[in-house]
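Structure first, then comments.
The values are calculated or read from the model by the stated rules, or taken from the named source; none is laboratory data. Predicted model only: the values in this text are computed from it and were never measured. Backbone-built Cβ (ideal geometry, glycine too); neighbour counts: all protein chains shown.
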Number of protein chains: 4
Amino acid sequence: MSLNRETLNKIKEEVFEANRNLIEQGLVTLTWGNVSVLNRTEGYVVIKPSGVDYHKMSREDMVVTDLEGNSLESGQLKPSSDLKTHLELYRHFHSISSVVHTHSVHAVSWSQSGRDLPTYGTTHADTFNGDIPNTRFLTENEVATDYEKNTGTVIVETFRERHLDEMAIPGILVNGHGPFTWGTSAKEAVMNSHILEIICTMACQTETIVKDASHLPDYILKKHYERKHGRDAYYGQDFDILK
Amino acid sequence: MSLNRETLNKIKEEVFEANRNLIEQGLVTLTWGNVSVLNRTEGYVVIKPSGVDYHKMSREDMVVTDLEGNSLESGQLKPSSDLKTHLELYRHFHSISSVVHTHSVHAVSWSQSGRDLPTYGTTHADTFNGDIPNTRFLTENEVATDYEKNTGTVIVETFRERHLDEMAIPGILVNGHGPFTWGTSAKEAVMNSHILEIICTMACQTETIVKDASHLPDYILKKHYERKHGRDAYYGQDFDILK
Amino acid sequence: MSLNRETLNKIKEEVFEANRNLIEQGLVTLTWGNVSVLNRTEGYVVIKPSGVDYHKMSREDMVVTDLEGNSLESGQLKPSSDLKTHLELYRHFHSISSVVHTHSVHAVSWSQSGRDLPTYGTTHADTFNGDIPNTRFLTENEVATDYEKNTGTVIVETFRERHLDEMAIPGILVNGHGPFTWGTSAKEAVMNSHILEIICTMACQTETIVKDASHLPDYILKKHYERKHGRDAYYGQDFDILK
Amino acid sequence: MSLNRETLNKIKEEVFEANRNLIEQGLVTLTWGNVSVLNRTEGYVVIKPSGVDYHKMSREDMVVTDLEGNSLESGQLKPSSDLKTHLELYRHFHSISSVVHTHSVHAVSWSQSGRDLPTYGTTHADTFNGDIPNTRFLTENEVATDYEKNTGTVIVETFRERHLDEMAIPGILVNGHGPFTWGTSAKEAVMNSHILEIICTMACQTETIVKDASHLPDYILKKHYERKHGRDAYYGQDFDILK
């Protein structure tokens, strides 16, 4: 199979830029984070290489695999060790095209708490249509057999068991580990990681200020989510002036 | 009606600069914030466009409407979705010329707590002549009928019912949402947002250090407010050396 | 009386640089802070002008008075409104040559708590030989008669009543207001403000991590203070290689 | 004995760079921190000079001693006052080649709490194979006789008494003082200080979010530690592409 080089280069560029944006937004320390993009037409998954310094990697270092994780280019670096988690999400969340994982400080702190992130305000509701779930811990067997794949399995299970829509709540906290977010582009998935970090910071502060803080009333939550993401969304411009 | 182009350009410049200052002071993440200025002589309201990247917008992108929100220039971008909140404030707070809304982290955290911001120190008293109110939540009907306008209505109601002077307490926390501040210029309104963020940070810390922190005694509060804003204010220079 | 222009310019430079250092170290927001230096030989006090933007002031804007606060140059800007507090400290603390006041976030938060700052670690003990006192509130009468002078009076009273040595504990928290520090040079006084801000941050964190945190044992406190400031200090170089 | 000048210059460069990295990563305030490197072949210990401004020191200012702390170059600056602590660690931890000490804010806050740092997540487990110990306070006699050496002795004692492996837990919190970390190179030791600071931040946040936070299950802890540091580690590249 010969690769569609033009498409591939565009994806590599998108993944490379997104990884750098993680750094610029302060979401990544050292090498702890990764972005992947899936092109469903070609079946390419492009992801950051494992354990590589963000400041030294280039676009060409991005690693290409298929949806089963098989390398599609010879001589490339090893993919991020979390690749299998990304693949599991791509296999079950059919509308997503990008996954982001970070160890950003406040989202990890919430992940470690084992609690869902409550919807305390419109900053949350503008992007996430409800509380953000925290998974159960993986079992000893799940860790022993295929840890990274099973991390994805537990994420998917959490959405399915709670009847949540992964496009309406584009992120999750993995218990004892950290946040994963996704979207229809790397830019959107990174933005969701950024927003998740901020609303984790705010929620912790709010609970410090008042015990038993009130959830945002559901009709305000829906209003804010819908004015940005609903059928009649009116936030932003009718065209994307940024392009 | 032909526009007073010279005045308009000056206001656009003022609004544009103020929006950029929000970014520089770390008060705005992504596109979450907006500044407007009202020129009461001409009846122009200039506001940031909705959902536009702060780093890519130019002075010309600022949107002009009248006090009812009617567009005054053809072909312009859509105004900030919070425009109607700003207009409601301009209609009821007769001495203000600028409104600022942000999602700055600590002020949002307080907003989400539902509590007023207590006056714990002179940093607060130098700018705000007393506790900063937190509104009630909007009702389901208020959200359904005209959400953004009613946000302004609830702000005004809060000041009227509590007999507060909007010029002495130039800002408010909207429950579950975030801060709004105002002033007689964009520079002043932005500065008030900046100060509100800082005193929210301090108040949360103070309550972490000691339960049941003491309010600043009223005579010290008045002293500090008056030495900057009273009839015999003596803080600063007699002329504004910054101009 | 003709001024010793060479000495004066050197002091102005020292005060100007120290004020800029406050900004660089993140200790000052907006115009909230001031540094003064006293030259006891000439009787000159040089202080930052009141309410002036740190980024726009120049060395020449520094204001010169005598120890009674009388202006020594014609046509100069108004001195910092806190000048009288500085003068009161110079009159009673005979070995100090510089005073610094800021509204740095964590030191203000502690000031607002009304609590002394406990000595929890060697970071504190390296500079402050014991807990840092928090003053009482000024009385209504003290505020009404000569507020800024009486702020100094209360600081001095706190040291005298508790039998504290102002050279061993070169700073204080003024209740409901903020920190003042001092030293034998502007550089040292600014450094003390910087350190006070950091140990306030640490102490609050420590109390969040554990209730009833232990004071540093007195013999470790003394050891650390003495190895930097005692008769047989051995920290640092025998000469100041920074000069 | 003539010095191996080429080796020495390389170590000085390594120590100098590592000290600067501490600053860049925000781990050091003022002059509070030091890095040393031991070359076991030559018996050289190179360490930062005491109390010197990080921004003004040069590679040549780094101080060389032998393992007993005897100066190996004439005319050099005084070594860091913590040298003896470093030497004690080198004498007992036979596989380490570098030691780092900082007063980074969150690690000091935990040190002051007297508590061990619990393993709450994979961010911790990726580098530290279990909870990070907090030492006892030094006794009055230990402080009086040889304070800095005894600080090292207490660190070693803590590892020995608890049967901990210093290569699996490459750092410690010294009660009432601050963190020490180590590694097989200055780069690794500095990275461990960086990571320790981050996981201290996260652990404090996690405990703010939930009382009685759960330790990471031991099988997840081992999995994460082993995938980076175990015999069959698969994180990162097979070769170090950074070199």
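Quick notes
- Exactly one residue out of C:201, C:158 is within 14 Å of chain D (Cβ to nearest Cβ), outside any loop (DSSP other than H, G, I, E, B) and modelled with pLDDT of 95 or more: that is C:201.
- Breaking point among (1) more than 11 Å from chain B (Cβ to nearest Cβ); (2) under 17 Å from the mean Cα position of the chain (by Cα), for residue C:68: (2)
- For first residues located in the range A:166-194 and of a type in the set (D, E, K, R), partners that are modelled with pLDDT under 95 and lie 6+ apart or on another chain with Cβ distances below 8 Å form the pairs A:187/A:21.
- Flag for residue C:213 being within 11 Å of another protein chain (Cβ to nearest Cβ) and surrounded by fewer than 19 Cβ atoms within 10 Å (Cβ to Cβ): no
- Residue ID - farthest from the chain's Cα centre (by Cα), chosen from residues in the range C:4-58 that are away from chain B (no Cβ under 14 Å) and among the small types (Gly, Ala, Ser): C:43
- Residue within the range B:122-138 that is surrounded by 18 or more Cβ atoms within 10 Å (Cβ to Cβ), within 7 Å of another protein chain (Cβ to nearest Cβ), in contact with a Gly (Cβ under 8 Å, 6 or more places away or on another chain) and touching a residue at least 60 places away in the same chain (Cβ under 8 Å) present: yes
- Index of the failed condition, residue C:82 passing every other in (1) more than 14 Å from every other protein chain (Cβ to nearest Cβ); (2) out of contact with any Phe, Trp or Tyr (no Cβ under 8 Å at 6 or more places or on another chain); (3) touching a residue at least 60 places away in the same chain (Cβ under 8 Å): (1)
- Selection status of residue C:196, within 14 Å of chain D (Cβ to nearest Cβ), under 16 Å from the mean Cα position of the chain (by Cα) and either closer than 19 Å to residue B:224 by Cβ or at pLDDT 95 or above (or both): yes
- Where helices (runs of 4 or more DSSP H) fall wholly inside the range C:1-113, the ranges with 2 or more residues that are surrounded by fewer than 19 Cβ atoms within 10 Å (Cβ to Cβ) are C:5-24, C:83-92.
- With respect to the conditions (1) buried (at least 17 other Cβ atoms within 10 Å of the Cβ); (2) within 13 Å of chain C (Cβ to nearest Cβ); (3) at pLDDT 95 or above, residue B:227 falls short on a single one, namely (3).
- Check on residue B:172, more than 7 Å from chain C (Cβ to nearest Cβ), buried (at least 24 other Cβ atoms within 10 Å of the Cβ) and outside any helix (DSSP H, G or I): yes
- Looking only at residues in the range B:85-121 that are touching a strand residue (DSSP E or B) at 6+ places or on another chain (Cβ under 6 Å) and of a type in the set (A, V, I, L, M), the one that is farthest from the other protein chains (Cβ to nearest Cβ) is B:96.
- Within the range D:175-187, being over 26 Å from residue D:150 (Cβ atoms) and within 12 Å of another protein chain (Cβ to nearest Cβ) holds for one residue alone: D:187.
For (1) aliphatic (A, V, I, L, M); (2) under 18 Å from residue D:83 (Cα atoms), each residue gets a yes or a no:
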{"site": "D:4", "(1), (2)": "no, no"}
{"site": "D:7", "(1), (2)": "no, no"}
{"site": "D:11", "(1), (2)": "yes, yes"}
{"site": "D:24", "(1), (2)": "no, no"}
{"site": "D:27", "(1), (2)": "yes, no"}
{"site": "D:31", "(1), (2)": "no, yes"}
{"site": "D:48", "(1), (2)": "no, yes"}
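- Annotation note: of D:42, D:17, D:6, the sole residue that is free of Cβ contacts under 8 Å to residues at least 24 places away in the same chain and not polar (S, T, N, Q) is D:6.
- Between A:221, A:216, A:196, the distinction of being among the hydrophobic types (A, V, I, L, M, F, W, C) and not in a helix (DSSP H, G or I) belongs to A:216 only.
- Among the criteria (1) surrounded by 19 or more Cβ atoms within 10 Å (Cβ to Cβ); (2) in a helix (DSSP H, G or I); (3) hydrophobic (A, V, I, L, M, F, W, C), the one residue C:144 does not fulfil is (1).
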